[in-house]
Amino acid sequence: METTSLASKKYELKAELLIDVLSTFKTEFKAGISEFSLITRLKQSPQSLFDEQSLRDPLLLFKTHFVLFHALYRLREKWQADNTGYLDIHALNIQLQEPTGPCTSSLGSKPTGARDVGEHDALAAYYLDWRNFEETQRGEVDALLDEFWHKMQQGGAQTFSQVEVDNAHATLNMTKSDDISLSVLKKRYKKTLQRAHPDKGGSQEEAQAVINAYHLLLGYYSFS
């Protein structure tokens, strides 16, 4: 994955959060879900990662689509690597298919009939390259792009009650007195999520609580 500007770091951070959220959606992916239905789920509580405007404004719709598909292709790589299965990605149906055997390469769990992946998958290459995302920003007002990500935060304008902040810190086993940087917050988040994730003996609810706490603290400390 390549980046071409510091501005992309902001979007990459959001994409990383989205990957973690999507990794808890195995049940939905096994059944098959459309892009529209998936975005609708991600608009709802407790995720609240998108809002109505993200589906109405053409520019924001493209950005929503790009970031979502970037996260899906990253997740597909991860699930192929650990032989979870093959995530077949189409706008009308995104479906997790069972692995066909031990994964010995990047193509190891790709079922017959699925599109080729890896270096020959032009769509994956497109969505995994942030330069393609950035090209749509040229000539646009920076404030519009910032507004897009603010709208992806829960409730639009961010306000944080003391109870919410304290609960978020507690969920990640942190306190406000800690010397908190983005790297420290991310490290604690990843460690806590690993224990809470359904794949590690936790539950979807526990994992989502950790993700929500991280999401809130990103905004509280102005890291997002």
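Against the condition assigned by TED's automatic domain parsing to the domain that holds F36, at pLDDT 60 or above and outside any helix (DSSP H, G or I), how does L107 come out, does it pass? Against the criterion (assigned by TED's automatic domain parsing to the domain that holds F36, at pLDDT 60 or above and outside any helix (DSSP H, G or I)), L107 does not qualify. If you filter the range 183-211 down to residues that are among the polar types (S, T, N, Q) and part of a helix (DSSP H, G or I), you find that the one that is modelled with the highest pLDDT is T192. Under the condition of being modelled with pLDDT under 90 and in contact with a Ser or Thr (Cβ under 6 Å, 6 or more places away or on another chain), the residues counted in the range 154-182 number 1. Looking at the range 1-23, which of the residues that are modelled with pLDDT under 90 and of a type in the set (A, V, I, L, M, F, W, C) is farthest from L42 (Cα to Cα)? Among residues in the range 1-23 that are modelled with pLDDT under 90 and of a type in the set (A, V, I, L, M, F, W, C), the one farthest from L42 (Cα to Cα) is L6. Of all residues in the range 193-224, those satisfying the criterion of being within 11 Å of D20 (Cβ to Cβ) and free of Cβ contacts under 8 Å to residues at least 60 places away in the same chain are Q194, A196, V210. Just so you know, in the range 26-45 the residues that are assigned to a loop (DSSP other than H, G, I, E, B) and in contact (Cβ under 8 Å) with a residue 40 or more places away in the chain include one that is surrounded by the most Cβ atoms within 10 Å (Cβ to Cβ), and it is G32.
The values are calculated or read from the model by the stated rules, or taken from the named source; none is laboratory data. In this text the structure is predicted, and so the values were computed from the model without any measurement. Positions of Cβ are generated from backbone atoms using ideal geometry, with glycine treated the same way; all protein chains shown enter the neighbour counts.
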